[in-house]
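Here's the structure, in structure tokens; my notes come after.
Read the figures in this text as sums done on the coordinates, not as results from a lab. Here the structure is a predicted model, which means the values were calculated and not measured. Because the Cβ atoms are built from the backbone with ideal geometry, glycine has one as well, and the counts that use them run over all protein chains shown.
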Amino acid sequence: PRVIFIDAQENQFDADIAVGENLMQGAVDNMIDGILGECGGVMSCATCHCYIDPQWQALIPPPSEREEDMLDMAIEPNEHSRLSCQIKITEELDGLVVRLPKSQY
Ligand code: FES
């Protein structure tokens, strides 16, 4: 599936991410600046923070309590915030739009 990343300056980057892969790993593999994923996906860093475009939110299972807690440590979280390491790519997420935060620190 194709994922479209849009950074804070409205630059757009497309990435092909395999079904079953998590969004953080897919972004890192595609060298998307703005997703760091320093803890490797074990929910202890929040440097994989991103914003899911509202029209896609319903297709993604809601965050766990631990993810919610970690999101409080992200920079400028809002109601669309997610940790990208917790989002599993599925076939139906083809075309997913993900916005990148200004910074992860
Ligand atoms: Fe560290 Fe997602 S990669 S919380």
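For segment 1-32, which residues satisfy the criterion of being in contact with a Phe, Trp or Tyr (Cβ under 9 Å, 6 or more places away or on another chain), loosely packed, with under 12 Cβ neighbours inside 10 Å and in contact (Cβ under 8 Å) with a residue 24 or more places away in the chain?
Across segment 1-32, there are no qualifying residues.
Looking only at segment 5-47, count how many residues are outside any loop (DSSP other than H, G, I, E, B) and either within 13 Å of the ligand (Cβ to nearest atom) or of a type outside the set (S, T, N, Q) (or both).
The initial filter retains those residues of segment 5-47 that are outside any loop (DSSP other than H, G, I, E, B), namely 5-6, 12-16, 22-29.
Keeping just the survivors that are either within 13 Å of the ligand (Cβ to nearest atom) or of a type outside the set (S, T, N, Q) (or both) gives 5-6, 13-16, 22-29.
Looking only at that region, the number is 14.
State the number of residues belonging to segment 50-80 that are away from the ligand (no atom under 12 Å from the Cβ) and within 23 Å of Gln12 (Cβ to Cβ).
Residues meeting the conditions: 16.
Within segment 77-97, how many residues are of a type in the set (S, T, N, Q) and closer than 7 Å to Pro1 by Cβ?
Selection size over segment 77-97: 0.
I'd like the full set of residues that are within 14 Å of the ligand (Cβ to nearest atom), out of contact with any Cys (no Cβ under 8 Å at 6 or more places or on another chain) and of a type in the set (Ser, Thr, Tyr), limited to segment 81-105.
Passing the criteria: only Tyr105.
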